[in-house]
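The values are calculated or read from the model by the stated rules, or taken from the named source; none is laboratory data. Please read these numbers as outputs of a predicted model, since none were measured by experiment. Cβ placement follows ideal geometry from the backbone for every residue including glycine, while neighbour counts extend to all protein chains displayed.
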Amino acid sequence: MLADQLTTDRPTATSGQGRTLFEWITPPGADNHWGDALRMAAVAASISGVGVPGEGKTRSTASKSPAEKPRKRTMAERQAEVEAKRRAG
């Protein structure tokens, strides 16, 4: 079932505006829910910095040095900032 859904889409070459690309078409009546979910999970993993071991650097925040990470403001700092804005405005 999974293999059927992962191989359902077919590439179709499309040209326009001076470029050629592939548009992935799902045939009518074919299910591709598992394939779509797998692709969305891959995108979410990529955005969050997950990578394949040995494939190079990722954007993981765990690898950043403490100097690169912004310091979190305390609640007292936030309240003082709000109060300063209130007095100024």
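Residues in segment 8-54 that are surrounded by fewer than 11 Cβ atoms within 10 Å (Cβ to Cβ) and part of a loop (DSSP other than H, G, I, E, B): 8 in all. Of all residues in segment 55-79, those that are at negative phi and basic (Lys, Arg) have Cβ atoms under 9 Å from Cβ atoms of residues that are at pLDDT 65 or above and in a loop (DSSP other than H, G, I, E, B), 6 or more apart or on another chain, in LYS57/GLY51; ARG59/SER48; ARG59/GLY49; ARG59/GLY51.
Go through segment 59-76 and give me each residue that's surrounded by 10 or more Cβ atoms within 10 Å (Cβ to Cβ) and at pLDDT 65 or above.
The one that is surrounded by 10 or more Cβ atoms within 10 Å (Cβ to Cβ) and at pLDDT 65 or above: ARG73.
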